[in-house]
Amino acid sequence: MAEVQAARSAAARCTDADATALRSALEARRATADGPDNAAFVDANVTLHAAVVDAAHNPALTDPFTEFAPALCQGLIGLVDLRGLHDKGPQRGDAHHAGLVDAAIRGDADGASRTLQVELDAMLAQLLDR
């Protein structure tokens, strides 16, 4: 998946400004996690993922993600609402997201890509859980 490659590249290219953006996006995700607004939570989550992609400094990854992000947000809001995912524990995934941010900032490319892949796999499993 392109986002997993972006996480790897972000770890290799993360600047101080990227680190600040990643930390800020993680805190925004946490701030919306326990609230009732699914749209705000999804937006903050996608913003965190966008910060990871931006930190890759690769237009071949950033440009498509930027174009896709609004549709992704709308689709995820619908899924979160439909499946009641936010009700199942909004902080689910916080450890993975924190690990992703930490790995990217530390320059751990393998850790960043592995952590993101685990998070994406867990989210897919949750979405498919009936």
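The values are calculated or read from the model by the stated rules, or taken from the named source; none is laboratory data. All of these numbers come straight from a predicted model, not from anything done at the bench. Cβ coordinates were reconstructed from backbone atoms using ideal geometry, including for glycine residues, and neighbour counts include every protein chain displayed.
Results, tabulated for the structure shown:
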| item | result |
| --- | --- |
| Close pairs (7 angstrom Cβ cut-off, 6 or more residues apart or separate chains): in contact (Cβ under 8 Å) with a residue 60 or more places away in the chain and among the small types (Gly, Ala, Ser) in region 92-112, surrounded by 15 or more Cβ atoms within 10 Å (Cβ to Cβ) and in a loop (DSSP other than H, G, I, E, B) anywhere | ALA104/CYS14; GLY107/CYS14 |
| Residue count for region 1-31, restricted to those that are polar (S, T, N, Q) and crowded, with 20+ Cβ neighbours inside 10 Å | 1 |
| Qualifying residue in region 79-90 (condition: modelled with pLDDT of 85 or more and within 15 Å of the chain's Cα centre (by Cα)) | no |
| Test: residue in region 32-49 that is of a type in the set (Ser, Thr, Tyr) and modelled with pLDDT of 95 or more | yes |
| Close pairs (7 angstrom Cβ cut-off, 6 or more residues apart or separate chains): surrounded by fewer than 20 Cβ atoms within 10 Å (Cβ to Cβ) in region 32-56, β-branched (Val, Ile, Thr) and at pLDDT below 95 anywhere | ALA39/ILE77; ALA40/THR32 |
